[in-house]
1. Please verify whether VAL187 is at pLDDT 85 or above, β-branched (Val, Ile, Thr) and within 25 Å of ARG138 (Cβ to Cβ), treating the condition exactly as stated.
2. Condition (residue is assigned to a helix (DSSP H, G or I), touching a helix residue (DSSP H, G or I) at 6+ places or on another chain (Cβ under 9 Å) and under 30 Å from TYR110 (Cα atoms)) applied to the range 20-37: is it met by at least one residue?
3. Search the range 41-67 for residues that are within 16 Å of VAL77 (Cβ to Cβ) and pair each with any residue that is of a type in the set (D, E, K, R) and not in a helix (DSSP H, G or I) when their beta-carbon atoms are under 6 Å apart and the residues are at least 6 apart or on different chains.
4. How many residues, within the range 5-21, are at pLDDT 85 or above and small (Gly, Ala, Ser)?
5. Against the condition in a helix (DSSP H, G or I) and surrounded by fewer than 17 Cβ atoms within 10 Å (Cβ to Cβ), how does ALA197 come out, does it pass?
Amino acid sequence: MKHQPWMIRARLLRSLRRYLMAGLLVWLPILATVLVVRFIVGLLDQTLLLFPRQLRPEQLFGFSIPGMGALIGLLVVLLTGVLVTNFIGRFLVRVWEEWMNHIPFVRAIYSGVKSFSETVLTNKGSSFKKVLLVEYPRRGTWSIGFQTATDIVEITQHVSEAQVCVFVPTTPNPTSGFIFLVPRAEVIELDMSVDAALKMIVTLGVVTPASARAAHGAAESATGPHPRLAQPPGP
């Protein structure tokens, strides 16, 4: 039995669509990664403008070297880390911080960023270690957030109920968002890693933890609530 021309065309179109989607699934992550890395490297290369003109790569070697700013930045951070781990370095840091704390407005920014960096980049505290569900922007609608603080004594004294500080990021840019003080009993702690939650936020919810596991070959359904979802404590 001969296939009709329209059947052949439909089969050809389905094959082309399948091949196109397979190709996009390979190239989209690669191109996005290249663009992000290129943007970061280009941004770090701008630090070379801080050097005297005669010490820049294009003057020393006769041509520019892409990524040289990133390499120099990494070396500066590494050398700074070596310096501040000894007595003299710690003393210099204390002097610098005391000087910064005497400048109005600047001290608020500096101390805030320093506290944030110490909390996120070290193992101190529990900030950004737990993924939470909060009812936002209305009842019955849930948003993913990150626990940033739990011991908020002054606020707890005013509202007479233990509060949790939750950062709810925007998508696809998770560096901006909102902070909410939510009663501890009204948040749901998820058995989801911070990396998985960030992937879900950056991809507009397309990549969920279940779909990520399926992409790696795990036969797990992506429907229904998370099987290990912690329920809020009762009244």
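The values are calculated or read from the model by the stated rules, or taken from the named source; none is laboratory data. Small disclaimer: the values here were computed from a predicted structure and weren't measured. Don't worry about glycine lacking a Cβ; one is built from the backbone with ideal geometry, like all the others, and counts go over all protein chains shown.
1. Answer is yes for this residue.
2. Residues of the range 20-37 assigned to a helix (DSSP H, G or I): 20-37.
Still in the list and also touching a helix residue (DSSP H, G or I) at 6+ places or on another chain (Cβ under 9 Å): none.
Within the range 20-37 (the criterion being assigned to a helix (DSSP H, G or I), touching a helix residue (DSSP H, G or I) at 6+ places or on another chain (Cβ under 9 Å) and under 30 Å from TYR110 (Cα atoms)), the answer is no, since none of the residues qualifies.
3. Close Cβ pairs (under 6 Å, with a partner that is of a type in the set (D, E, K, R) and not in a helix (DSSP H, G or I)) amount to LEU48/ARG56.
4. 1
5. Against the criterion (in a helix (DSSP H, G or I) and surrounded by fewer than 17 Cβ atoms within 10 Å (Cβ to Cβ)), ALA197 does not qualify.
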